[in-house]
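Peer 1: Quick one: the structure is below, questions incoming.
The values are calculated or read from the model by the stated rules, or taken from the named source; none is laboratory data. What you see is a predicted model; the values in this text were computed from it and never measured. Methodologically, a virtual Cβ is constructed for each residue, glycine included, from the backbone with ideal geometry; neighbour enumeration extends over all protein chains shown.
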Amino acid sequence: MRKILFLAFVMLGVTMELLAGGMKSVRGIQATAPVQKVLVAYFSATGSTKDVATDLAKLTSATLYEIKPTKKYTLADLDWQDEKSRSSVEMKNKKSRPEIVKDLKGLESYGVVYIGFPIWWYTAPTIINTFLESYNFKGKTVVLFATSGGSTPDKALKDLKASYPDINFKGAKLINKFDEKVVKTWVNTCK
C-alpha cells in the first residue's frame, strides 16, 4: 500500500512540475509543448482566395472559416473602374465596415489565425477590418496572406498594424499560386 501511495505522489509531483514548468523536461522525462490550434479565415469575392485558403488549411491541419458579407458582392460591386461601385465606395471610406455574418465560434481556442483576402486598392478590403473588430484577437498570432493581380500585402500589413496595435501580426505573404514547398517554408517562419 505504501508503494502505491509513494508512486501516486511521485506521478502527481511529475505532473505538477510539467504543468508549472511550461511542459519542459523534468528529471529526464521530455514532454512536448501543447500544439496550438490553427484557424484559416478568409474573405474571397471571386474564389481565388478561397482556393489558396483551402490549400493552406490542409497544409497546416487548420480549421477553415469563410468571412462572409451579409450581402454578397456582385461583379458590378467589384468593378474597380466604376467609382460608384460598392467596393470603390467602401475602399474610399476608411471608416467603412461592411457587415459580416458573425458565426465564428470558439476563436478563443485558437493560437494562430491566418487571415486571407484579395488586395483591393493596394491594401486589405475593409471587410477585414470588420472581422478584426468583431472578435477578440488578443494573445493570438495573426498571419496575413493575400491574392492579387499585381500588389503585395505589405501595405495591408502596415495599415492593419497601425489600426490594431494590440494584435500580434506576424507577417504577410502574397500567394497567387499555391506551391506547397514555398508555403510550407513560409508557414514555418511564422511560428
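Peer 1: Identify, please: which residue in the range 152-191 is touching a strand residue (DSSP E or B) at 6+ places or on another chain (Cβ under 8 Å) and among the small types (Gly, Ala, Ser) and is, among those, surrounded by the fewest Cβ atoms within 10 Å (Cβ to Cβ)?
Peer 2: Gly171
Peer 1: Could you check the range 42-62 and list, in sequence order, the residues that are part of a helix (DSSP H, G or I) and of a type in the set (A, V, I, L, M, F, W, C)?
Peer 2: The initial filter retains those residues of the range 42-62 that are part of a helix (DSSP H, G or I), namely 48-60.
Result: Val52, Ala53, Leu56, Ala57, Leu59.
Peer 1: Hey, can you tell me all the residues within the range 153-168 that are over 15 Å from Lys138 (Cβ atoms), of a type in the set (D, E, K, R) and in contact (Cβ under 8 Å) with a residue 12 or more places away in the chain?
Peer 2: Those that are over 15 Å from Lys138 (Cβ atoms), of a type in the set (D, E, K, R) and in contact (Cβ under 8 Å) with a residue 12 or more places away in the chain: Asp154, Lys155, Asp159.
Peer 1: Determine whether Gly171 is at positive phi, in the same structural domain as Ile67 (by TED's automatic domain parsing) and touching a residue at least 24 places away in the same chain (Cβ under 8 Å).
Peer 2: So Gly171 passes the test.
Peer 1: Quick check on the range 43-65: of everything there that is over 18 Å from Tyr110 (Cβ atoms) and touching a residue at least 24 places away in the same chain (Cβ under 8 Å), which residue is surrounded by the fewest Cβ atoms within 10 Å (Cβ to Cβ)?
Peer 2: Going through the qualifying residues, I end up with Thr46.
Peer 1: Something else now. What are the residues in the range 66-106 that are buried (at least 16 other Cβ atoms within 10 Å of the Cβ) and in a helix (DSSP H, G or I), if any?
Peer 2: Selection gives Arg86, Ser87, Ser88, Glu90, Met91.
Peer 1: So the check is Cβ under 7 Å with 6+ separation or different chains; which pairs have a first residue in the range 109-131 that's among the aliphatic types (A, V, I, L, M) and a second one that's crowded, with 21+ Cβ neighbours inside 10 Å and outside any strand (DSSP E or B)?
Peer 2: These pairs meet every condition: Ile115/Ile128; Ile119/Pro153; Ile119/Ala156; Ala124/Ala156; Ala124/Leu160; Ile127/Phe43; Ile127/Ile67; Ile128/Phe43.
Peer 1: Here is a further query. Taking the options Lys138, Lys92, Lys102, name whichever one is modelled with pLDDT under 95, out of contact with any Cys (no Cβ under 7 Å at 6 or more places or on another chain) and over 23 Å from Gly171 (Cβ atoms).
Peer 2: One residue alone meets the criteria, Lys92.
Peer 1: Counting only residues that are of a type in the set (S, T, N, Q), part of a loop (DSSP other than H, G, I, E, B) and over 22 Å from Lys105 (Cα atoms), which one in the range 122-178 is farthest from the chain's Cα centre (by Cα)?
Peer 2: Step by step, filter the range 122-178, then rank; the result is Ser151.
Peer 1: Can you name the residue in the range 107-138 that is touching a strand residue (DSSP E or B) at 6+ places or on another chain (Cβ under 8 Å) and farther than 27 Å from Arg86 by Cα and is also surrounded by the fewest Cβ atoms within 10 Å (Cβ to Cβ) among such residues?
Peer 2: Within the range 107-138, the match that is surrounded by the fewest Cβ atoms within 10 Å (Cβ to Cβ) is Ser109.
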